[in-house]
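J.: What follows is a single structure, and I will ask about it in a moment.
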Amino acid sequence: MVYVIMGVSGCGKTTIGKMVAAEKGVPFFDGDNFHPEENVKKMSQGIPLNDEDRKPWLEILAHQITEWNKLGGAVLACSALKESYRNHLKSQSKYDQVQFIYLKGSKDLISERLHKRSGHYMPADLLDSQFNDLEEPKDAITISVDGEPKTIAHEILKLTDSK
């Protein structure tokens, strides 16, 4: 099983994803690390990505999900903002081998977190474009990010162990 921890930038995907992966004994991957260089450059300049920009990135991740499933699973932190992106990510795998976990938070809370974060190529100014693109999933486990990361990770583990 590949668990895709999804949501807008700054919601805690990487922090929580690493905790979940460690507890499950599977590798953790950050979807940001699979973006083509031109995407990273665009985002670094404060230019939002469009669907066309994301196509090669989604292709790479869909392929990786298949490979990770063959190797026993993984946790992937990936924004996966639109339903079409999520459908593409699970298109090369059997549906039951990909579980989306949506980290949901208010724009104010996430904006505050982004402004405190350093060393990430995506500026906080792009948060509005991510919230505009976000299509909340209907078929994902939804978890509020209001709590502490350790508590959120524990809740995810409880919910995914019961599936």
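J.: Are there any pairs, at least 6 apart or on different chains, whose C-beta atoms fall under 6 Å, with the first in the range 139-153 and in contact (Cβ under 8 Å) with a residue 12 or more places away in the chain and the second of a type in the set (Lys, Arg) and buried (at least 17 other Cβ atoms within 10 Å of the Cβ), and if so, which?
T.: Taking only residues 6 or more apart or on different chains, the pairs are THR142/LYS104; SER144/LYS104.
J.: Another question about this same structure. Just to be sure before I move on: is LEU49 at negative phi, without any contact (Cβ under 8 Å) to a residue 12 or more places away in the chain and hydrophobic (A, V, I, L, M, F, W, C) in the structure I sent?
T.: When the stated conditions are applied, LEU49 passes them.
J.: Another question, if that's okay. Quick one: how many residues across the range 129-138 are assigned to a helix (DSSP H, G or I) and without any contact (Cβ under 8 Å) to a residue 40 or more places away in the chain?
T.: Of the residues in that region, 1 qualify.
J.: Looking for whichever is in a loop (DSSP other than H, G, I, E, B), under 23 Å from MET43 (Cα atoms) and at pLDDT below 95 here; the options are LEU126, LEU89, LEU81. Which one fits?
T.: Only one candidate qualifies: LEU81.
J.: Then there's this: Scan (1) part of a helix (DSSP H, G or I); (2) within 24 Å of LEU159 (Cα to Cα); (3) in contact (Cβ under 8 Å) with a residue 12 or more places away in the chain; (4) of a type outside the set (A, V, I, L, M) for the single condition PHE29 breaks and write down its number.
T.: Unmet for PHE29, out of (1) part of a helix (DSSP H, G or I); (2) within 24 Å of LEU159 (Cα to Cα); (3) in contact (Cβ under 8 Å) with a residue 12 or more places away in the chain; (4) of a type outside the set (A, V, I, L, M): (1).
J.: Looking only at the range 8-26, count every residue that is without any contact (Cβ under 8 Å) to a residue 60 or more places away in the chain and surrounded by 15 or more Cβ atoms within 10 Å (Cβ to Cβ) and tell me the total.
T.: 3
J.: Among the candidates SER93, SER79, SER44, which residue alone is among the polar types (S, T, N, Q) and buried (at least 21 other Cβ atoms within 10 Å of the Cβ)?
T.: Sole residue among the options that is among the polar types (S, T, N, Q) and buried (at least 21 other Cβ atoms within 10 Å of the Cβ): SER79.
J.: Residues in the range 54-65: is at least one in a strand (DSSP E or B) and either surrounded by 18 or more Cβ atoms within 10 Å (Cβ to Cβ) or at pLDDT 95 or above (or both)?
T.: Looking for residues that are in a strand (DSSP E or B) and either surrounded by 18 or more Cβ atoms within 10 Å (Cβ to Cβ) or at pLDDT 95 or above (or both), one finds none in the range 54-65, hence no.
J.: Sort through LYS18, LYS55, LYS82, LYS104 and tell me the only one that's on the phi < 0 side of the Ramachandran plot and over 13 Å from the mean Cα position of the chain (by Cα).
T.: Answer to the selection: LYS55.
The values are calculated or read from the model by the stated rules, or taken from the named source; none is laboratory data. Because the structure is a prediction, the values reported are computed rather than measured. For neighbour counting, all protein chains shown are included, and Cβ atoms are generated from backbone atoms with ideal geometry for every residue, glycine included.
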